Amino acid sequence: MLLVAGGLAQLSLPPAAPAAPARQAADRRAEVAAALAERAASLSSRSGLPVAEAGYRNLVLAAGGGPDRLTAAADLAVRIAGYDDHPVVYPRRIELARAAGGWRVEREESASGPPALWDFGPVRAAPGARCLVLASADGPDPAGLVEVGDRAVPAVEELWGGGRPGRLLLELPATEERFARLLEGDPASWADMAAVTVAAPGAPRNTPADRVLVNPEAYGRLSGFGRQVVITHEATHVATRADTRAWTPLWLSEGVADWTAYRDSGRGPRQIAPELARDVAAGKAPTELPEDRDFTASAPGIAQAYEQSWLACELIARRYGPQRLIAFYRAVGADDGQGEDRERRTDRLLRAELGLGLAEFTRLWREDVAALKD
């Protein structure tokens, strides 16, 4: 508006120039998004995964070293058909180059966290009656693992109910080195670990997308009985995931998993806890329940820590019954544990559920440990 003598006059301005750089950036983003949508749609055929849903989210673009190159950061959300209630989210770093028909993905890799199994190459899906094995195509035949998984699921369901264990998902990489990379660990630290349960990112706590990662070399060295124990143990972790919290002692969570796996095996304490029995015979009986650090993959005496934990849970199940053990486990992992001292909480819930405190429970457990010498 312009003020002139005698009144107002309109100031005529030329039309604003289009924001060309912004429009170009928007066009480029749309082209990349379309290329990634096409890539997500081809994930099943490229990887061998039985994909129910796949897509890239939270796309961020950056210059890639030239006018025809870009680097993208995005979250790849993948839901396995019949197994995942919620997509598993993989942060990805993607390199793209301009091609005649748009943008082409030249490289994609994990941006943070461990790689995905299919980053090592194609996967073959081996479905069972109660489980699904995703195995590296260049690795061991997954058929035997499918049979073990199918037996593990009903053994766990009998105690812990249905739901999660009814959809047991196992991943079998081709080598121990790949197994360690999936855990972001040193292969030497995981050499004796046959399997590990991991919580895949991106799903709510009460409906977790858990996977059992299997070390093909350590698992392959086990007897048939040992393989069944390992997979049933891990299936128990999957079944109890929503009842397991940061304030659940590892002696309880690992002990419950072993107790479930060995239940009805017909084996006695010295057969199930041979390393602990040898320690007791040598005058090296433990006096306290295992601490969390005793379960670290490379910790000395890790086998004894598992055996001690099994014996603690066996004590509860034998004296009070399996359902009391399960009730105690769920009480320990209830939501009201946030901020409470863990040892005090364990003591309080032992009194509430079993009628004895932690000190008395530990005394009874030491008696069972000592009995291994007989």
Practice item. Could you figure out which of (1) within 25 Å of residue 172 (Cα to Cα); (2) touching a Leu at 6+ places or on another chain (Cβ under 8 Å) isn't true of residue 62? Key: (1)
Point to revise | Wholly enclosed strands (runs of 3 or more DSSP E) of the stretch 35-108 bearing at least 2 residues without any contact (Cβ under 8 Å) to a residue 24 or more places away in the chain | key: 51-63, 88-99
Check your understanding: Of the residues in the stretch 232-276, how many are closer than 29 Å to residue 341 by Cβ and acidic (Asp, Glu)?
Key -> 3
Revision key, fill the gap. Per the list (1) within 20 Å of residue 170 (Cβ to Cβ); (2) outside any strand (DSSP E or B); (3) at pLDDT below 95, residue check on residue 112 breaks on (1)
Revision key, fill the gap. Given (1) touching a Lys or Arg at 6+ places or on another chain (Cβ under 7 Å); (2) without any contact (Cβ under 8 Å) to a residue 40 or more places away in the chain, residue 287 misses just (2)
Point to revise | Filter result for residue 270 (of a type outside the set (A, V, I, L, M, F, W, C), surrounded by 14 or more Cβ atoms within 10 Å (Cβ to Cβ) and at pLDDT 95 or above) | key: yes
Review point. Looking at 232, 248, 236, 287, which is the one that is surrounded by fewer than 18 Cβ atoms within 10 Å (Cβ to Cβ) and among the polar types (S, T, N, Q)?
Key: 287
Check your understanding: In the stretch 121-165, which residues are open to solvent by less than 20 Å² (accessible area, probe 1.4 Å), assigned to a helix (DSSP H, G or I) and either touching a residue at least 60 places away in the same chain (Cβ under 8 Å) or of a type in the set (Ser, Thr, Tyr) (or both)?
Key -> 145, 148, 149, 152, 153, 156, 159, 160, 165
**Study point:** Test result for residue 65, small (Gly, Ala, Ser), open to solvent by less than 40 Å² (accessible area, probe 1.4 Å) and under 20 Å from residue 109 (Cβ atoms)
**Key:** no
Review point. Within the stretch 74-95, restricting attention to residues that are in contact with a Lys or Arg (Cβ under 8 Å, 6 or more places away or on another chain) and within 14 Å of residue 37 (Cα to Cα), which residue is surrounded by the fewest Cβ atoms within 10 Å (Cβ to Cβ)?
Key: 75
Practice item. Take the stretch 210-262 and flag every residue that is part of a loop (DSSP other than H, G, I, E, B), in contact with a helix residue (DSSP H, G or I) (Cβ under 7 Å, 6 or more places away or on another chain) and more than 15 Å from residue 155 (Cβ to Cβ). Key: 215, 222, 244, 245, 247, 248, 249
**Study point:** Scope the stretch 323-374; condition under 12 Å from residue 312 (Cα atoms) and without any contact (Cβ under 8 Å) to a residue 60 or more places away in the chain; matching residues
**Key:** 358, 361, 363, 364, 367
Review point. Can you pull out the residues in the stretch 359-374 that are in contact with a helix residue (DSSP H, G or I) (Cβ under 7 Å, 6 or more places away or on another chain) and open to solvent by 50 Å² or more (accessible area, probe 1.4 Å)?
Key: 370, 373
Study note, to complete from the structure: Checking 258, 279 in turn, the sole residue that is at pLDDT 95 or above, more than 19 Å from residue 234 (Cα to Cα), of a type outside the set (A, V, I, L, M, F, W, C) and buried (at least 18 other Cβ atoms within 10 Å of the Cβ) turns out to be 279
Check your understanding: Within the group 349, 356, which residue is open to solvent by 10 Å² or more (accessible area, probe 1.4 Å) and outside any helix (DSSP H, G or I)?
Key -> 356
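The values are calculated or read from the model by the stated rules, or taken from the named source; none is laboratory data. For clarity, every value in this text was computed on a predicted model and none was experimentally measured. As a convention, Cβ positions derive from the backbone with ideal geometry for all residues, glycine included, and neighbour counts pool all protein chains shown. Surface areas here come from the heavy atoms of the whole protein model, side chains and all, with no ligands, DNA or RNA. Shrake-Rupley method; radii C 1.70, N 1.55, O 1.52, S 1.80 Å.
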